[in-house]
1. Scan region 291-340 residue by residue and report those that are on the phi > 0 side of the Ramachandran plot and open to solvent by less than 70 Å² (accessible area, probe 1.4 Å).
2. Would you mind stating whether K122 is open to solvent by 60 Å² or more (accessible area, probe 1.4 Å) and at pLDDT below 75?
3. Is it true that F179 is outside any loop (DSSP other than H, G, I, E, B), touching a Phe, Trp or Tyr at 6+ places or on another chain (Cβ under 9 Å) and modelled with pLDDT of 70 or more?
4. If you check L215 against the conditions, is it at pLDDT below 70, touching an Asp or Glu at 6+ places or on another chain (Cβ under 8 Å) and farther than 30 Å from L13 by Cα?
5. For Q277, which of the numbered conditions (1) part of a loop (DSSP other than H, G, I, E, B); (2) of a type outside the set (K, R); (3) open to solvent by less than 80 Å² (accessible area, probe 1.4 Å) fails to hold?
6. If I ask for residues that are closer than 17 Å to A418 by Cα and either part of a helix (DSSP H, G or I) or touching a helix residue (DSSP H, G or I) at 6+ places or on another chain (Cβ under 9 Å) (or both), which ones from region 301-324 would you list?
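The values are calculated or read from the model by the stated rules, or taken from the named source; none is laboratory data. Since this is a predicted model, take the numbers as computed values, not measurements. Counting neighbours? That spans all protein chains shown, and the Cβs are built from the backbone with ideal geometry, glycine included. These area figures cover heavy atoms from the full protein model, side chains too; ligands, DNA and RNA do not enter into them. Shrake-Rupley method; radii C 1.70, N 1.55, O 1.52, S 1.80 Å.
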Amino acid sequence: MKKYNAMILAAALTYLFSAVMAFAWIYGAAAVQSGEYKTEINRIYDTLKEGDTAQDVDLSSFQYVKDVSYLPEYKLQEEKETAAFYEEKNQTGIQVVPLYREGAFKGFLRFDYEKPAFQTEKILLLTELSIGIMGAALLATLLYLKSRLIGPFLRLKKLPYELANGHLSGEVTEEKSRFFGDFVWGMSQLRDALASARRRRLELEKEKKTMLLSLSHDIKTPLHTIRLYGKALEENLYSDCGQKTHAAHQIGEKAAEIERYVEEIIKNSREDILDIQVREGEFYQADLMGRVLDTYREKCRIRMVDLKVGEYDNLLLKGDLERALEVFGNIFENAFKYGDGREIEISFYEEDYCHLIRIYSTGQPVTDNEFNHIFESFFRAANSRGLEGNGLGLYICREIMRKMDGEIFAQKDEEGMAFVLVFR
């Protein structure tokens, strides 16, 4: 973008330079040409002032002055003479000056001069040159846009369609341009992330199918036993009460065994529901808050939510900056969705060598029973009825924070709820 801005500035400066130079040249040429005939008039006037008459002046040596007329003082009262003296001729200019000799007024001198022919050819040439320079600057800008922006976009125009249809193989060609290179790199990372997520999803599906097949096979044994004991009791095959009690006990044991298998199926279906990858590393708290506020300060202003941010130090936190931003995003979106829109407050403190960030939003809190389940997957409280969502936001937050060796927990009071993020 800096190079593009520099090219725009260079084109503008080129235009201004060409315009100023053309104006200066034309104005200077006009001034020089007007000065030439005035110089001739001054030379002739100096000669006549010394005593020569207008008829004595040899005009053949002058380029512009073509005629010199003299109107004596005594003829000023004659209207015809005076009118003829001042009468203009076609294609010539006139200049009338008073004639003084030894301080006495003698009359008027009229100089007929040829108007300087303006150098039209040079002006046209200069205009064409200026337009050519501007055209070259414009062409250079267009070629730059074609090679650095339009060309790469054309090469990538099919990529979104391919990604949407699941075509994740192949590589995205890198771009040398720093402006467009980041975009291409991001598209390449998106393709890699989608491909990795798909592979992981297929692996999970395979594991779950294997697990379901195994559990289904294991369930068949207690089900077969229950069926046999049930049929025996139905046909009254047991003669004494002891055998009947034993059969009933076995049915209860096998039913409990089936129940354990069902619980294991439910547990496995809830765990690892999302393949959340977290990069191990460190980031500064100021970088995290800078990006959070860049995104949500304006959103709060639009929603007329009072956003308060406490003072914080630029501490070094353990974890993945991008994933931490995802946690903040889920919490803010929940505040917008379920809060009352009055206030969101972010505060910072330390406890047991951990760095804590508390995000509090006003609104109606959940019930005590719902409060115990808010971090579970697919759980949605009563206040979410009629609102879009899938009950995964806080579950994802907890998974991310735990994978960053941190934690998240909730607090509530009569006026709202808070979520505290614990960083190492």
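1. Listed by number, the list holds a single entry, G319.
2. Answer is yes for this residue.
3. No, not satisfied.
4. yes
5. (3)
6. Listed by number, the residues that qualify are V305, D306, L307, V309, A324.
Yes or no, residue by residue, for (1) open to solvent by 60 Å² or more (accessible area, probe 1.4 Å); (2) out of contact with any helix residue (DSSP H, G or I) (no Cβ under 8 Å at 6 or more places or on another chain); (3) closer than 27 Å to E257 by Cα; (4) among the small types (G, A, S):
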| position | (1), (2), (3), (4) |
| --- | --- |
| R191 | no, no, no, no |
| A197 | no, yes, no, yes |
| L202 | yes, yes, no, no |
| K220 | yes, yes, yes, no |
| G230 | no, no, yes, yes |
| Y238 | no, no, yes, no |
| A247 | no, no, yes, yes |
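Residue-wise test of (1) modelled with pLDDT of 85 or more; (2) surrounded by fewer than 11 Cβ atoms within 10 Å (Cβ to Cβ).
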{"site": "V57", "(1), (2)": "no, no"}
{"site": "E88", "(1), (2)": "no, yes"}
{"site": "V96", "(1), (2)": "yes, no"}
{"site": "E102", "(1), (2)": "no, yes"}
{"site": "G107", "(1), (2)": "yes, no"}
{"site": "F118", "(1), (2)": "no, no"}
